[in-house]
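Reading through the structure tokens given below for one structure.
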Amino acid sequence: MSPLFQSLVDNSMFLLSLEVDNENPLEGGEMENYSRVGDEAEPQFKLQLDEKDINIEELEDLMEYSRLKNVRELWLDKNDFGNHGVEILSSTEGLNRLQVLSLAGNKLTDSAATTLANSKNLINLTRLFLQNNSLGPNGVNDLGQSQLMNSLEFLYLKRNPLGLDGAKALASSIAFKNVKELYLGRTQLGNDGLAALCGGKLWPNLTALSLSQNSLDDQSAHLLADTESFPKLITLDLYGNHISDEAVDMIKSSPQRKCLRALQVN
């Protein structure tokens with residue numbers, strides 16, 4: 001690793017907060033809190049490297065970084081390293097405790113999603129950001145059928161061309177039963193895609209669903225009012241669609257949406 005890149009990485013590490021039993025929560029700094037729990041916990045970091053023009057060689061160097069084992073959140077948005085970069089990440093054993101991975105805007109295709117789905121080093125991911133890429137139905141299907149993605153609680157797929165077949169892949173997924181938040185804005189679902197999603201497998205823990213800008217109309221509103229696939233849904237985002245006031249009222253008054261507390265429309 002070059003001295004310049006080493007400096008960039010060192011200065012992009014941010015200490016994550018640690019919850020400890022402390023009678024006075026204002027007492028001491030974060031590192032003092034870590035010292036208080038002794039050997040029970042190591043410092044955990046967020047590594048923020050968005051828009052740093054990281055190339056493949058630098059990414060390979062990063063995967064050998066001495067403090068990588070303490071990174072719990074890795075943010076690599078808009079670096080354009082493509083599918084090859086994801087192959088490097090997925091094969092790195094030092095990321096086996098990573099919980100958050102953000103790869104937005106990296107020119108990724110279905111191949112990258114398949115690589116993530118098959119990675120034995122990323123099995124502890126709880127939050128995965130893949131927005132603004134070129135993922136399609138095949139990649140989403142591989143993620144959804146992966147037995148290694150069961151820890152996911154937050155899945156961000158905004159601005160990927162999923163379409164109807166992508167919705168079908170989500171509807172038949174077995175890996176997303178623990179997902180609490182699902183973001184599908186601008187994924188070209190349409191009414192038919194939403195019908196597939198609403199008619200698919202149960203999302204037993206989903207509390208937030210974003211469907212913004214998907215060319216949905218009152219037909220979709222009826223689906224959302226009647227579906228039993230989202231029994232715990234609290235927040236529903238329908239911004240940028242074509243939903244009438246009457247249809248909004250229908251969703252709000254539906255017995256299936258008794259947990260709903262926030263509904264965003266135009």
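Working value for the chain: equivalent-ellipsoid semi-axes of 36, 23, 16 Å, each the square root of 5 times a Cα gyration tensor eigenvalue, largest first. Note on the range 137-266: percent of Cα-Cα distances in each 5 Å bin, starting at 0 and stopping at the bin with the largest distance, equals 2, 12, 22, 28, 21, 10, 4, 1, 0.
Ordered from longest to shortest, the equivalent ellipsoid semi-axes for the range 51-94 are 16, 12, 10 Å, each the square root of 5 times a Cα gyration tensor eigenvalue. Convex hull volume per residue, computed on the Cα atoms of the range 226-266, equals 66 Å³.
Summary of the geometry: the range 119-190 and the range 220-242, compared by the centres of their Cα atoms, lie 18 Å apart. The fewest-to-most ranking of Arg261, Arg67 by surrounding Cβ atoms within 10 Å reads Arg261, Arg67. Taking Ala171, Ala117, Ala41 in turn, the Gaussian network model of the chain (Cα-Cα springs below 10 Å) assigns the largest fluctuation to Ala41. Per residue of the chain, the DSSP helices (runs of n ≥ 4 H) give a summed -39500 (n - 2.57) that works out to -8500 deg cm²/dmol at 222 nm. Given C-alpha coordinates of the range 57-150, what is the ratio Rg to Rh with the Kirkwood estimate of Rh? On the Cα set of the range 57-150, Rg over Rh gives 0.93. When the Cα gyration tensor is reduced to axis lengths a ≥ b ≥ c, the ratio a/c stays below 1.5 for the range 103-185, which is therefore classed as rounded.
Among the trypsin sites (Lys or Arg not before Pro) in the range 128-212, those located in a DSSP loop and surrounded by at most 14 other Cβ atoms within 10 Å of their own Cβ are Lys177.
Which of Phe14, Phe230 comes first, and how do the rest follow, when ranked by fewest Cβ neighbours within 10 Å?
Values: Phe14 11, Phe230 24.
So the ranking, lowest neighbour count to highest, is Phe14, Phe230.
Here, each number is a calculation from the coordinates, and none is a lab measurement. Small disclaimer: the values here were computed from a predicted structure and weren't measured. Cβ: placed from backbone, ideal geometry, glycine included. Neighbour counts: every protein chain shown.
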